[in-house]
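Have a look at the structure below, then the notes.
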Amino acid sequence: MSRFFSEKYKKLVPYTPGEQPKDTQYIKLNTNESPFPPSDRAIRYASEAAHSLELYSDPTSSVLCEEFAKAVGVSPDEVLPTNGSDEILNFAFMAFCDKDHPAVFADITYGFYPVFADINGVPYEEIPLNPDFTINVSDYCGIGKTIFIANPNAPTGIALSVDKIEKIIASNPDSVVVVDEAYVDFGGESCVPLIHKYSNLLVTQTFSKSRSMAGARLGFGIACKELIRDLNTVKYSTNPYNVNRMTHAAGIGILKDADYTAKNCAVIMENREFASEELVKLGFEVTESKTNFIFAKHNDIGGKTLYEKLKARGILVRHFEKPRISEYNRITVGTRHQMQALIQAIKSILEEEK
Ligand code: PMP
């Protein structure tokens, strides 16, 4: 740390992204990326946009907003595109949290929430999930704080039904409820239709998972016009050109290829069921995932040991050194071939452990 680093950031513990080692060609099942490339059209549009990179991107993202709004059934002034959904989440902490509006989220959820809270000087409370990692809805009813719920949750993969989330939203009319739907396209239920009923709901979505665009960085906030206006105030006060030209173009391209996205999601869900069943046959406990990852533990081998042994065999999964989940690994669902390689590797590791 330099002597110039601001006092207010000295205690900050940054988010740790999944490792991206360059030493070996790993089967990469550790950052919940799609195993499929973006659609041909997305790639073509992005390449064409590269010819105009001397120009700033459209700060209003008008064409992209229209396409996305159409896709999710809202109007263009009810959406705001950002540099990955991490940016819209950060904007939400900036816009809707402060000392008088502390944040609240689960003890086991997306690890960036406490980091966003800390960097914005926002006090926060972590509410323990039930022992089976489900959310106890009544914990959040009438809590009167800015609520962040990843639905489906990460890294557990477990989804909450929309009617339960609606209870939370309805019982907190004076607080914003942020529903992070990064993984909603893999079998979850979206809260987007509720934005027309509740002025305190912000839904966030990403193009990083189901739409194969993690490297392009594109996310969205979806909410009533007033909340979107507040978030735009934050955006125009930090980075008006937050979505670059190539990402705009790729985003429009992938939205026009909804069938391609739907087909990929269906394959990933099939592979998830295949791999989950195989893992259960091998003695794993697996949560009921509605995402593109599996959260699994085995009584005969520690979470960290399994992670290390898989890495030694060229397969990367994500292990979290967190008390309640240190025996688990989060395994991104890849192609059928990758899932077969994973199962084979685990079989041989379990043999070795005997
Ligand atoms: N929310 C959750 C629950 C996530 O797991 C992630 C991915 N790390 C994100 C948001 C952010 O994804 P991105 O910034 O790539 O849209």
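The values are calculated or read from the model by the stated rules, or taken from the named source; none is laboratory data. From a predicted model like this one, the values you see are computed outputs, not experimental measurements. We place every Cβ from the backbone using ideal geometry, glycine too, and count neighbours over all the protein chains shown.
Among the residues making up region 180-223, a single one is near the ligand (Cβ under 9 Å from one of its atoms), more than 15 Å from Leu80 (Cβ to Cβ) and touching a strand residue (DSSP E or B) at 6+ places or on another chain (Cβ under 6 Å): Ala182.
Whether any residue in region 224-231 is among the acidic types (Asp, Glu), more than 21 Å from Asp107 (Cα to Cα), more than 14 Å from the ligand (Cβ to nearest atom) and not in a loop (DSSP other than H, G, I, E, B) is what I want to check. For region 224-231, residues among the acidic types (Asp, Glu), more than 21 Å from Asp107 (Cα to Cα), more than 14 Å from the ligand (Cβ to nearest atom) and not in a loop (DSSP other than H, G, I, E, B): present.
The set of residues in region 69-92 being within 10 Å of the ligand (Cβ to nearest atom), under 12 Å from Leu231 (Cβ atoms) and surrounded by 21 or more Cβ atoms within 10 Å (Cβ to Cβ) consists of Thr82, Glu87, Ile88, Leu89.
Listed conditions (1) surrounded by 18 or more Cβ atoms within 10 Å (Cβ to Cβ); (2) among the acidic types (Asp, Glu); (3) within 14 Å of Val177 (Cβ to Cβ) are all met by Asp118, apart from (3). Filtering region 93-119 to residues that are more than 12 Å from the ligand (Cβ to nearest atom) and either closer than 17 Å to Lys209 by Cα or aromatic (Phe, Trp, Tyr) (or both) leaves Phe93, Phe96. Kindly indicate whether any position in region 133-140 is aromatic (Phe, Trp, Tyr) and away from the ligand (no atom under 16 Å from the Cβ). Within region 133-140, one or more residues are aromatic (Phe, Trp, Tyr) and away from the ligand (no atom under 16 Å from the Cβ).
Do the conditions hold for Arg245, that is, is it surrounded by 22 or more Cβ atoms within 10 Å (Cβ to Cβ) and basic (Lys, Arg)? No; evaluated as a whole, the condition is false for this residue. Under the condition of being surrounded by fewer than 18 Cβ atoms within 10 Å (Cβ to Cβ) and either part of a helix (DSSP H, G or I) or not hydrophobic (A, V, I, L, M, F, W, C) (or both), the residues counted in region 121-149 number 15. Within region 327-338, the presence of at least one residue that is surrounded by fewer than 18 Cβ atoms within 10 Å (Cβ to Cβ), β-branched (Val, Ile, Thr) and at pLDDT 95 or above is confirmed.
Name the single residue that is farthest from the ligand (Cβ to nearest atom) among those in region 150-173 being assigned to a loop (DSSP other than H, G, I, E, B) and more than 21 Å from Ile331 (Cα to Cα). Within region 150-173, the match that is farthest from the ligand (Cβ to nearest atom) is Pro173. Taking the listed residues Glu166, Glu226, Glu181, the one that is under 15 Å from the mean Cα position of the chain (by Cα) and free of Cβ contacts under 8 Å to residues at least 40 places away in the same chain is Glu181, with no other qualifying. If you go through region 24-43 and pick out every residue that is touching a Gly at 6+ places or on another chain (Cβ under 7 Å) and more than 25 Å from Glu78 (Cα to Cα), you end up with 9.
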